[in-house]
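Heads up, the thing below is written out as C-alpha cells.
The values are calculated or read from the model by the stated rules, or taken from the named source; none is laboratory data. Quick caveat, the model's predicted, so the values are computed rather than measured. All Cβ positions, glycine included, derive from the backbone under ideal geometry; neighbour counts span all protein chains shown. Just so you know, the surface numbers come from the protein's heavy atoms only, side chains and all, with ligands and any DNA or RNA stripped out. Shrake-Rupley method; radii C 1.70, N 1.55, O 1.52, S 1.80 Å.
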Amino acid sequence: MAKNRGAIIAVALVAVAGFGLAAAKFGGGDDTVLRVANQKGQVKSMMIASGVLKDAPYTVEWSEFPAAQPLLEAVGGGAADLGLAADAPFIFAYQSGSPVKVIGIQTPFAQAGEALAILVKNGSPAHSIQDLIGKSVATTRGSIGHHLLLQALERAHIPADRVRVTFLPPGDAKAAFDSGAIDAWSIWTPYTNVAIKEGARAVVDAKDYGLPVYIDIAHGDSIGPKRALLADFLRREAKAVEWARAHPDEFAQVLAKETGLPLDIARASFDRNNRVARPIDGKIVAHEQDITQRFQRAGLTEGKRPVADAFDRSFGTGG
C-alpha cells in the first residue's frame, strides 16, 4: 500500500486569529500546532464553513486523504495528531498494533439511505447479497465497506469465501466498477453519491445495519502534550457539526469548493453523512467489540488488544 502511504496531497496552514495572545496557555513550539488529517474534505470544510476556528489560539495544519486507511497510517505513524474516520478501519488499525486512541465519537443524526452500501450496475441481475455468491466485490481492506460486506454475508448465513473480494482503493475500485471488471462495489459517501448518480443501485444498504460510527482518533503520544489543543478542537468540531446541520447548503458550497465535487454531490454527501457528537459509553465500546470479533472470524485480525483500552473517555465529548 505504498501508493496509499504517499496519498498526502498537500499541507495547508490555517493561520487563526488571536494566536499570539493566547498561545502561552497551550505551551510553545509544536504545542501551538495541531496536525489534523482530513478525509475527502469533510472535517476541514465543516470547520471552515462554520467559522469555528477563527479565534482558536493555535494553528491547524491540515493533510488530505482519499480514504480512512491512509489517514490512519498518518495518525498511527505520527505524521498527524488527530483525524476522523469510521469505526471499522479504526478497529482494523488498532488491532494491527497502531498506537491510536479514540477521544471522540460521532454517530449518524439519522440513518440515511445509500450513505454506505454495496452497489451494482443498474442492469445487473443481482438484487440481494445472495445474488453475489460467486461474484467479485471490490472494497478497501479493513474499511467500513469491507465490514458491511462481512456483516451482510453473516446475516444471510453465507460463508465469507463464497464471494470473491478484490481489495482496491476507492479510485481504482470506481474504475473497475465503471469498466465492468468487478460485479459489485462496497463503498461509502461521497463515492456512493457519484456512482448512484451515474446509474448504480444498492443491493445492501448500511441503514439497515445501524452503521457506521465515526471516531476522532488521536496518536497516543499526542494526547499528553497536546491535550488542551485536542480538547478545544473537539469542542469546536461539535459546534461545526451542529452548524452544518442548520446550514446544509452553505456547508455543501464550501465542501464542493474544497474537494472539487459537483455541488449536488457535495449536498448529497452531507445528507447521507449528517452526524452528531456523542459521549463514549458502553454501547459504543460493545459495538466496536462486535466489529473486532467479526474481523477475527474473517481471519483479518487476531483481536488480542482489549477494545476497551482503545478509548480515552477523559475528553468528555458529546455532552
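Values for this structure:
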item: Residue, farthest from the chain's Cα centre (by Cα), within region 209-226, restricted to residues that are in contact (Cβ under 8 Å) with a residue 12 or more places away in the chain and surrounded by fewer than 20 Cβ atoms within 10 Å (Cβ to Cβ); result: 225
item: Residue among 206, 184 that alone is within 20 Å of residue 112 (Cβ to Cβ), in contact with a Leu (Cβ under 7 Å, 6 or more places away or on another chain) and touching a residue at least 60 places away in the same chain (Cβ under 8 Å); result: 206
item: Residue list for region 108-129, filter: in contact with a strand residue (DSSP E or B) (Cβ under 6 Å, 6 or more places away or on another chain), surrounded by 21 or more Cβ atoms within 10 Å (Cβ to Cβ) and either of a type in the set (Phe, Trp, Tyr) or modelled with pLDDT under 95 (or both); result: 114, 116
item: Odd one out for residue 142 among (1) in contact (Cβ under 8 Å) with a residue 40 or more places away in the chain; (2) closer than 25 Å to residue 90 by Cα; (3) not in a loop (DSSP other than H, G, I, E, B); result: (3)
item: Out of 181, 175, sole residue that is part of a loop (DSSP other than H, G, I, E, B) and open to solvent by 50 Å² or more (accessible area, probe 1.4 Å); result: 181
item: Residue check for residue 253: under 18 Å from residue 148 (Cα atoms), open to solvent by 30 Å² or more (accessible area, probe 1.4 Å) and either touching a strand residue (DSSP E or B) at 6+ places or on another chain (Cβ under 6 Å) or part of a helix (DSSP H, G or I) (or both); result: no
item: Boolean, residue 16 is more than 19 Å from the chain's Cα centre (by Cα), at pLDDT below 85 and not in a helix (DSSP H, G or I); result: yes
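Condition check ((1) surrounded by fewer than 16 Cβ atoms within 10 Å (Cβ to Cβ); (2) polar (S, T, N, Q); (3) at pLDDT 95 or above) across all residues:
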position: 269; (1), (2), (3): no, yes, no
position: 273; (1), (2), (3): no, yes, no
position: 278; (1), (2), (3): no, no, no
position: 303; (1), (2), (3): no, no, no
position: 319; (1), (2), (3): yes, no, no
